[in-house]
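Here is the structure we will look at.
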Amino acid sequence: MAGTTTFAKEAVAALAERKRLRKRGYFEGVAQLQREPKNLANSEAVAVFVDGERVGYLPSYATTDVTVVVGASEPVKYQLHILREQKLLAKAYVWLGDGEPKWPYTEQNPPPLTSRERINSAQTHVSEMVREALDGGGARAAQFKRGMVDGVHYLELVEPIKELKREGRLEEALILCYKAIQGAEGDAGGGMPAPWYTEQAAIVHRKLSQRNAEIAVLRRWLARCPAENRAGTRIAERLVKLETA
């Protein structure tokens, strides 16, 4: 659902209070779907109401999956997860399918709500995807193997790089950046390597006042990028600004 912790946060907080949800609370009940043809942001919007209060909207991609007519309501199963910290964190779902809901999360297995939980969840998802690809064999496994460095796929280094940067451990972040750059180059197979890792290395070099190293890593990416794809890239533009400064 959309809007749970933005415009509908007060309604969600009130719902949590009415249902007496604890610090890590869970509620499952019935919601009503209603179309809002006069919604200025999206005339196809479908609002979700619980106990008469609007607690969010269906994502825009899901509005065509429901048959609610204007002026009517359609009951659906609704699920709410909350976490009370400095502010109320919440995630809500509605079940649009037939039969009993098959929720992606349960009271015993709640969705990631804090920043740390979301980071860990994303990291786990990527690692599982890599392991699944490698175990599956065939062309997909061969492709993923090209992106491996020291037993780790470069896609698995995104969150660790971000975390090291947040913590100010820039030299350690650089080590991972260059491992990821190597993996991205192997994965590209002569095509354009994923640029994000080079961009992060350049940013770290800039913070460390390492101008020559920043230029070198940008040139490295451009040297491995097909000539027809270089112009207009952020890396090419960054290098031009750096060399003409």
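The values are calculated or read from the model by the stated rules, or taken from the named source; none is laboratory data. Please read these numbers as outputs of a predicted model, since none were measured by experiment. A quick note on method: Cβ atoms are made from the backbone with ideal geometry, for glycine too, and the neighbour counts reach across all protein chains shown.
So in the range 145-165, with the set limited to residues that are within 19 Å of Gly189 (Cβ to Cβ) and touching an Asp or Glu at 6+ places or on another chain (Cβ under 8 Å), which one is surrounded by the most Cβ atoms within 10 Å (Cβ to Cβ)?
Tyr154
Cβ-Cβ under 6 Å, sequence separation 6+ or interchain: first residue in the range 72-84 and small (Gly, Ala, Ser), partner part of a strand (DSSP E or B). Which pairs?
Qualifying pairs under 6 Å: Ser73/Gln32; Ser73/Gln34.
So, Ala45, is that one crowded, with 16+ Cβ neighbours inside 10 Å, modelled with pLDDT under 95 and either of a type outside the set (Phe, Trp, Tyr) or assigned by TED's automatic domain parsing to the domain that holds Gly189 (or both) or not?
yes
Of the residues Lys23, Lys19, only one is closer than 23 Å to Lys102 by Cα and modelled with pLDDT of 90 or more; which?
Lys19
Residues are listed down the side, and each one gets a yes or a no for (1) farther than 30 Å from Asn39 by Cβ; (2) outside the structural domain of Lys38 (by TED's automatic domain parsing); (3) crowded, with 19+ Cβ neighbours inside 10 Å; (4) within 22 Å of the chain's Cα centre (by Cα):
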site	(1), (2), (3), (4)
Ala72	no, no, no, no
Glu100	yes, no, no, no
Val126	yes, yes, no, yes
Met129	yes, yes, no, yes
Leu134	yes, yes, no, no
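Can you name every one of the helices (runs of 4 or more DSSP H) wholly within the range 172-245 that holds 2 or more residues which are free of Cβ contacts under 8 Å to residues at least 24 places away in the same chain and exposed (fewer than 15 other Cβ atoms within 10 Å of the Cβ)?
Helices (runs of 4 or more DSSP H) meeting the threshold: 211-224, 234-244.
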